[in-house]
Amino acid sequence: QVRLVESGGGLVQAGGSLRLSCAASRSIFSINHMGWYRQAPGKQRELVAAFTSGGSTNYADSMKGRCTISRDNAKNTVYLQINSSKPEDTAVYYCRALCDGRLYWGQGTQVTVSS
């Protein structure tokens, strides 16, 4: 099992930057599939960025060039850096991990981008 806790959300002006953190309750060294998803009001949850097999990364087209996913295995933490934020980035951001064949989600952190 793994518990995921997101932090770093808040209010940011359009064009600003923020960094989200996802702290895991156990070592993430062996967890290849970890990523960030978001859900805006009235919309389905969607991929933002994720680590996949072999250490590759996958980004949503809308986020390419504006965000970077990174991880610090020593701190059991995955990060999401968002730059040049837009009002349409407003959503609850969730951390997800695929561990031992099970999917785990964090509770989410709200990001609001004001225009």
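The values are calculated or read from the model by the stated rules, or taken from the named source; none is laboratory data. No experiment lies behind these values; they were computed from the predicted model shown. Backbone-built Cβ (ideal geometry, glycine too); neighbour counts: all protein chains shown.
Overview of results
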item: Unique residue being basic (Lys, Arg) and touching a Cys at 6+ places or on another chain (Cβ under 9 Å) when the list is Arg26, Arg45, Arg38, Arg66; result: Arg26
item: Strands (runs of 3 or more DSSP E) within the range 1-64 that include 2 or more residues of a type in the set (S, T, N, Q) and under 18 Å from Gln81 (Cβ atoms); result: 57-59
item: Sole exception among (1) under 11 Å from the mean Cα position of the chain (by Cα); (2) over 13 Å from Thr109 (Cα atoms) for Pro41, by number; result: (1)
item: Condition check for Ser21: of a type in the set (S, T, N, Q) and either exposed (fewer than 15 other Cβ atoms within 10 Å of the Cβ) or without any contact (Cβ under 8 Å) to a residue 12 or more places away in the chain (or both); result: no
item: Out of Asp61, Asp89, sole residue that is modelled with pLDDT of 95 or more, buried (at least 16 other Cβ atoms within 10 Å of the Cβ), out of contact with any Leu (no Cβ under 6 Å at 6 or more places or on another chain) and acidic (Asp, Glu); result: Asp89
item: Total residues in the range 41-57, condition exposed (fewer than 14 other Cβ atoms within 10 Å of the Cβ) and not acidic (Asp, Glu); result: 10
